[in-house]
Amino acid sequence: MKTKIKFTLLLLTIVFSGMNQTVLAQSHFKIGTSKVNEMKISGTSTFHDWTMKTASFSGKAAFNIDSENQITKLSAIEFNLPVLTLKSGQKKLDKNAYKALKTDQFKEILYKQVSAEVMSFSNSKFHIKTAGKLTISGVTKDVVIDLYCFVNKDGSISCEGNYPINMSDYNVAAPVFMGGVMKTGDAIKLEFSFLFEKS
């Protein structure tokens, strides 16, 4: 009887110890105010290429990090981009872009992960494939976005990546200028660079 009790206690100790290690391995992060943080949208037009960018956005993530400082899992990630913070340096372009993105109704571009898989590790960077929901102008689409992440010595995590978007998929009409003489292309690219700091 005593032997069974000891065995049961030992088994419970192992189980709870493993659970505790799993909890400790997961860390929560948020995007801080680092100068490396940047999100930009770029595209083409009948006259020239254009870019709008911002450093004003927020986001959070939950990574599982092992004892060797390796990313073993990305449990969650999301970001919130206020559209009106995007600037090109050209007021007319900005105004038409805001109008096309319906900022009077929809103020933010949002992304929320549904699932993720750590694909590979190369040149000190982890390639993580995320599947999630991207919302632009009130329209939400299922997307797959690749992240490339690096664990810094201070425990923060740098992530970067890009994602091609067709504006028409989100019911966004390509902005036009000069009475229709200048028109932007339907295809744009969302590029980002985040520094996640422990929250």
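Miscellaneous remarks
- Accessible area in square angstrom per residue, the stretch 29-99, 1.4 angstrom probe: 56
- Full-extension gain in nm, residue 85 to residue 69, via 0.36 nm per residue minus C-alpha separation: 2.3 nm
- Dipole magnitude of the stretch 75-199 about its Cα centre (Cβ charges: Lys, Arg +1; Asp, Glu -1), debye to nearest 20: 420
- Heavy-atom accessible surface of the stretch 127-186: percent carbon and sulfur, 1.4 Å: 53
The values are calculated or read from the model by the stated rules, or taken from the named source; none is laboratory data. All values reported here derive from a predicted model rather than from experimental measurement. Cβ sites come from the backbone with ideal geometry, for glycine too, and all protein chains shown count toward neighbours. Just the protein is used for accessible areas: all its heavy atoms, side chains included, with ligands, DNA and RNA removed. Shrake-Rupley method; radii C 1.70, N 1.55, O 1.52, S 1.80 Å.
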